[in-house]
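The values are calculated or read from the model by the stated rules, or taken from the named source; none is laboratory data. Computed from a predicted model, the values in this text were never measured in an experiment. Please note: Cβ atoms are built from the backbone with ideal geometry, for glycine as well, and neighbour counts cover all protein chains shown.
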Amino acid sequence: MRYALGFLNAGENKNSEVRIVELKRLDAVSFEDVIYEKGECCLVGFSRSNCHVCQAVLPELEAVADKYEGKIGCYYVDIEADKDLYSRFSLKGVPTILFFKDGEYRGKMAGKVDEEQIEEKMTQLL
């Protein structure tokens with residue numbers, strides 16, 4: 001079992017069963033491999049565990065990850081554990097989603113975004 005971003009889904013409490021998401025965590029080494037070595041077409045969500053807006057965006061990322069499985073990679077970076085990656089991109093806050101294709105940065109979205117907005121950007125990448 002994998003515990004991705006560490007958030008409860010909306011409406012759940014700490015005693016509720018937490019749904020496990022399929023977003024894969026990247027650290028500095030795996031980030032280099034996925035983004036630059038493999039040139040994977042993907043989104044990377046930068047987040048932290050105590051961010052309420054991040055909790056609201058999580059279900060949107062889960063939905064997109066399910067729809068685009070096998071076409072676009074969906075990952076996350078825990079900025080508390082990987083501060084260097086967060087700093088490297090001069091990000092100002094979380095949640096922030098960065099988009100990459102063929103080892104190149106292709107755009108970002110910040111703040112509360114919905115599934116439709118994320119999908120629109122994803123279709124531009126394909």
Condition check: under 18 Å from Arg25 (Cα atoms) and either touching a helix residue (DSSP H, G or I) at 6+ places or on another chain (Cβ under 6 Å) or surrounded by 15 or more Cβ atoms within 10 Å (Cβ to Cβ) (or both). Does Phe99 satisfy that? yes
Please work out which residue is modelled with the highest pLDDT, limiting yourself to region 1-25 and to residues that are basic (Lys, Arg) and in a loop (DSSP other than H, G, I, E, B). Lys14
Tell me which residues, restricted to region 26-62, are free of Cβ contacts under 8 Å to residues at least 40 places away in the same chain, over 14 Å from Ile79 (Cα atoms) and in a loop (DSSP other than H, G, I, E, B). Lys38
Yes/no for Tyr105 being exposed (fewer than 13 other Cβ atoms within 10 Å of the Cβ), in a strand (DSSP E or B) and in contact with a strand residue (DSSP E or B) (Cβ under 7 Å, 6 or more places away or on another chain): yes
Report whether or not Gly73 is in contact with a Pro (Cβ under 9 Å, 6 or more places away or on another chain), buried (at least 17 other Cβ atoms within 10 Å of the Cβ) and within 15 Å of Arg25 (Cα to Cα). no
